[in-house]
1. Condition first: of a type in the set (Phe, Trp, Tyr), over 25 Å from Gly43 (Cβ atoms) and either in contact with a His (Cβ under 8 Å, 6 or more places away or on another chain) or open to solvent by less than 10 Å² (accessible area, probe 1.4 Å) (or both). Now tell me which residues in region 522-565 satisfy that.
2. Suppose the filter is more than 19 Å from Thr629 (Cβ to Cβ) and either touching a Gly at 6+ places or on another chain (Cβ under 9 Å) or not polar (S, T, N, Q) (or both); does Ala340 pass it?
3. Hey, can you tell me all the residues within region 309-320 that are in a strand (DSSP E or B) and either buried (at least 24 other Cβ atoms within 10 Å of the Cβ) or out of contact with any helix residue (DSSP H, G or I) (no Cβ under 8 Å at 6 or more places or on another chain) (or both)?
4. So, in region 284-300, how many residues would count as being under 17 Å from Tyr545 (Cα atoms) and either among the hydroxyl-bearing types (Ser, Thr, Tyr) or open to solvent by 10 Å² or more (accessible area, probe 1.4 Å) (or both)?
5. Can you pull out the residues in region 259-283 that are open to solvent by less than 30 Å² (accessible area, probe 1.4 Å) and closer than 18 Å to Val435 by Cβ?
6. Taking Ala272, is it more than 24 Å from Ser358 (Cβ to Cβ), of a type in the set (Gly, Ala, Ser), in contact with a strand residue (DSSP E or B) (Cβ under 6 Å, 6 or more places away or on another chain) and at pLDDT 95 or above?
7. Checking Trp289 against (1) free of Cβ contacts under 8 Å to residues at least 40 places away in the same chain; (2) under 26 Å from Phe182 (Cα atoms): exactly one of these is not met. Which one?
8. Read through the list (1) touching a residue at least 24 places away in the same chain (Cβ under 8 Å); (2) in a loop (DSSP other than H, G, I, E, B); (3) of a type in the set (A, V, I, L, M, F, W, C), then give the number of the only condition that Cys69 fails.
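The values are calculated or read from the model by the stated rules, or taken from the named source; none is laboratory data. From a predicted model like this one, the values you see are computed outputs, not experimental measurements. Note that each Cβ is placed from the backbone with ideal geometry, even for glycine, and that neighbours are counted across all protein chains shown. Keep in mind that these areas ignore ligands, DNA and RNA; they rest on the heavy atoms of the full protein, side chains included. Shrake-Rupley method; radii C 1.70, N 1.55, O 1.52, S 1.80 Å.
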Amino acid sequence: MLRTAVASLALLASIHVAPVTCLPRGLQHDGPTDLSTRPALKGKFLHVTDFHPDPFYKTYASTDEDVACHRGRGPAGLYGAETSDCDTPFSLVNATFKWIKENLKDEVDFVVWTGDSARHDNDEKHPRTEKQVEKLNRMVAGKFLEVWGKPENYDDPDPMNDLLIPIIPTIGNNDILPHNIFKKGPNRWTKLYLDIWRQFIPEEQRHSFQEGGWFYREVIPKKLAVFSLNSLYFYESNSAVDGCALKSEPGYEHMEWLRIQLQFMRERGMKAILISHVPPARTAGKQSWDETCWQKYTLWMRQYRDVVMGTFYGHMNIDHFMLQDFHDLNKDTKKGRMLASLDGIAAQKEDDEMTIASAADYLLDLRAVWGKLPKLTKLTLAQNDDATDEDDGFLAALASWINTSKKSHSKNGGKGGKDDKMGGPFGERYSMSHVGASIVPNYFPTLRVYEYNISGIEDLSATDIQTRKPYNSAPPGSDQSATQLVLEDDSEDWVLVDTPESNTEGIEAFYESELTGQMKKKKPKKYKFKVPDAPSKTDPPGPAYSPQSLTLLGYTQYFANLTYINNDFLEGSSIDSSEDDPFSSERWKPGKHEGEKPHEKKKPKPHKFKFEIEYNTFNDSIYKLKDLTVNSYLHLAKRISKSAKGKANQVSAEDVDSEDDEGDVEDFDDFELTAEEVDDQGHKKHKKKKHHKKKMTRVWYTFVKRAFVSTMDPEDIEQNFGTHDWTVNDEAGEHFDL
């Protein structure tokens with residue numbers, strides 16, 4: 001039976017922090033925060049990422065690579081040089097938090113902030129320093145306090161009284177120096193951010209954060225926790241560490257900590273959100289994580305799919321999502337053993353910063369992968385619009401699942417049916433990651449508000465938390481320090497490849513050959529680790545897979561149209577695309593206004609700054625996401641992968657998703673592999689095929705347009721992603737005058 005509605009809970013307030021007494025020059029302090037008690041849960045949270053504030057930014061400076069909006073004369077606007085690689089002026093940081101305070105302060109239950117709050121090292125005349133990185137991060141942390149802080153409690157010894165809502169940060173690859181390089185902790189940076197974020201990190205998590213820069217926070221006590229992961233220990237570009245297979249590596253310790261804590265969540269009946277900076281991108285052209293870390297992470301997502309309700313990342317600046325396919329797990333990984341190093345699938349290592357050209361290739365790679373998704377079927381759960389009670393609707397869907405599974409099993413001689421190919425009707429073969437676009441205006445500044453199901457907990461009030469005692473996460477009979485990391489106490493931490501432990505004949509043969517001077521070549525070691533338990537077969541799918549309390553319902557995407565707000569260029573001015581190719585392979589983007597001069601005026605005269613809705617999933621006629629479950633995204637990914645009919649290799653009628661309303665479509669089959677392109681293990685070889693453009697459906701066009709936050713001209717999208725024969729302006733009613 002489905003568990004009944006959860007009893008009364010309360011929002012968790014953040015912990016103690018000293019008052020912010022000074023801010024870097026140029027940052028405005030908006031004064032005291034409204035101290036009124038927060039009302040009941042709203043069922044919303046804010047995701048914001050990649051601020052990259054730049055104290056050297058100058059309005060009307062050049063956007064050229066050698067000056068980076070720091071000098072010269074050019075089109076850099078008051079609030080930023082949109083579509084360029086320049087960083088964020090303080091004016092944009094101030095305006096963003098002012099808008100958040102006026103529009104979102106009382107509308108969200110917590111905030112996830114996924115890193116990169118220092119400028120890039122993009123100007124030789126202004127090299128980054130540790131002091132500068134620290135000041136910029138303190139500044140951004142202070143801006144969160146201005147919105148949600150309670151200044152009268154800063155000197156209160158109770159650390160739970162300093163913020164109205166929890167703020168959960170994570171470390172970005174540019175929040176350290178040198179960028180990307182993060183050594184095993186404790187180190188300078190874990191100690192520094194422990195101080196900068198002292199109001200965000202619970203007292204009981206401070207030790208684990210100092211050890212490795214990771215922690216979790218209960219944002220709804222005894223119900224929901226947000227885990228801040230340190231993805232720099234998984235990051236391919238971090239040469240100071242070496243994956244997640246060896247016990248000596250911080251990546252191994254991090255994964256063990258995550259496994260143990262997720263198990264605690266399961267035992268307590270709680271759910272978890274995971275956040276970090278660098279997402280687990282893994283395509284033919286781009287792999288962001290070390291493969292050993294990706295394997296363990298994906299295994300954890302499979303085993304704890306009943307616990308994890310969503311994952312959120314930044315770093316890549318483009319608005320999109322990615323899927324992890326559990327079928328990509330190695331056999332050894334599923335058995336709890338792993339080589340010290342594994343080859344990934346990408347043709348080359350992670351490129352530190354994405355150009356528009358590399359982003360375009362990456363999106364095409366995603367589409368190719370999604371074209372290989374198994375055929376998806378309509379679910380009773382997704383179609384059950386008549387259900388008025390959440391539990392009844394879920395139980396009806398579960399009953400349908402059981403019946404369908406029985407019929408499928410019977411018809412296929414016990415081998416299962418097409419639902420088995422996707423992990424059952426809830427898509428439990430996959431997990432999904434949200435990747436947010438950035439504040440830094442490489443495109444347009446962007447933030448996102450998610451809505452989640454608060455059925456059964458909607459009447460909770462933040463006032464209930466005032467007397468709440470901090471939860472001791474230690475299991476009974478253990479001290480607190482022991483819960484920070486519990487490694488398996490195995491005397492043997494590796495096994496030989498394909499060598500059964502009971503094979504005494506093989507061992508004798510080995511020593512016999514050694515005595516004769518003909519020693520056999522040693523096989524690589526495989527290091528053992530504990531595989532988490534899978535969800536109970538009697539439990540229903542988790543909130544990431546089926547609608548229930550805490551399931552993500554949808555989101556609203558906000559953007560700031562800086563071309564209009566800066567008000568620097570005459571209406572209708574445009575750039576000759578032959579001279580300014582947005583898909584150039586050059587690493588530096590000077591932006592769409594390169595070579596233009598603002599209209600003559602001594603001082604900027606901007607329009608009023610505001611974020612406006614780019615789109616939301618609740619009334620989106622293109623994406624058609626009924627919720628943000630994995631199954632909904634599987635259907636969207638499959639629709640994105642299709643292209644308009646009219647090309648060769650059309651698919652048969654039964655292969656076309658019956659729910660797809662894009663007209664006549666065909667599978668995107670540009671990446672069909674030949675025998676020569678597959679290695680002995682069935683993996684794709686490190687050879688990248690050329691993408692072939694096809695006619696675009698509205699959903700593919702919209703996905704690309706939104707990825708670049710509506711900054712890409714329709715002609716450029718068509719030139720680089722495929723043609724279309726429908727009117728651009730009528731897709732979802734989205735059109736922006738640039």
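1. Of all residues in region 522-565, those of a type in the set (Phe, Trp, Tyr) come to 527, 529, 545, 555, 558-559, 564.
So of that shortlist, the ones also over 25 Å from Gly43 (Cβ atoms) come out as 527, 529, 564.
Correct list: Tyr564 only.
2. On the way: more than 19 Å from Thr629 (Cβ to Cβ): yes; either touching a Gly at 6+ places or on another chain (Cβ under 9 Å) or not polar (S, T, N, Q) (or both): yes.
Considered against the rule, which asks whether it is more than 19 Å from Thr629 (Cβ to Cβ) and either touching a Gly at 6+ places or on another chain (Cβ under 9 Å) or not polar (S, T, N, Q) (or both), Ala340 comes out as yes.
3. Going through region 309-320, the residues in a strand (DSSP E or B) turn out to be 309-313, 320.
Once the filter is applied, which keeps residues that are in a strand (DSSP E or B) and either buried (at least 24 other Cβ atoms within 10 Å of the Cβ) or out of contact with any helix residue (DSSP H, G or I) (no Cβ under 8 Å at 6 or more places or on another chain) (or both), region 309-320 yields Met309, Gly310, Thr311, Phe312, Tyr313.
4. Residues flagged as under 17 Å from Tyr545 (Cα atoms) and either among the hydroxyl-bearing types (Ser, Thr, Tyr) or open to solvent by 10 Å² or more (accessible area, probe 1.4 Å) (or both) within region 284-300 amount to 1.
5. As a first pass, look at region 259-283 and keep what is open to solvent by less than 30 Å² (accessible area, probe 1.4 Å): 259-262, 265, 270-281, 283.
Hits for region 259-283 are Ile273, Leu274, Ile275, Ser276, His277, Val278, Pro279, Pro280, Ala281, Thr283.
6. yes
7. Looking at each condition in turn, Trp289 falls short on (1).
8. Result: Cys69 passes all but (1).
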